[in-house]
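**Student:** Take this structure first; my questions come after.
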Amino acid sequence: MWEWLEYEDEYLEALLQWEGADGRTCSKGCGCDGVYRCTECFGQPMLCTSCC
């Protein structure tokens, strides 16, 4: 457990991003709201309607 302690912030950030807590912005960088999550892509990115 002590080994994970130094990665606590990175782990929490990854969990929040996966849950869409980063404002739900599109992963493609277009600035739109991400409304879809691709479950087949690596990392399961959030995508807006246009980028999807």
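The values are calculated or read from the model by the stated rules, or taken from the named source; none is laboratory data. Values in this document were obtained by computation on a predicted structure and should not be read as measured data. Keep in mind that these areas ignore ligands, DNA and RNA; they rest on the heavy atoms of the full protein, side chains included. Shrake-Rupley method; radii C 1.70, N 1.55, O 1.52, S 1.80 Å.
**Student:** I'm trying to understand the selection: among the residues of the range 1-24, which are at pLDDT 80 or above, of a type outside the set (Phe, Trp, Tyr) and either open to solvent by 100 Å² or more (accessible area, probe 1.4 Å) or closer than 17 Å to Cys51 by Cα (or both)?
**Tutor:** Within the range 1-24, Glu3, Glu6, Glu8, Asp9, Glu10 meet the criteria.
**Student:** Applying the selection to the range 26-35, what residues are under 18 Å from Ala14 (Cα atoms) and not charged (D, E, K, R)?
**Tutor:** Residues satisfying the conditions are Cys26, Ser27, Gly29, Gly34.
**Student:** Moving to a separate point now. Residues of the range 39-52 being of a type in the set (A, V, I, L, M, F, W, C) and within 16 Å of Leu15 (Cα to Cα), which ones?
**Tutor:** Phe42, Met46
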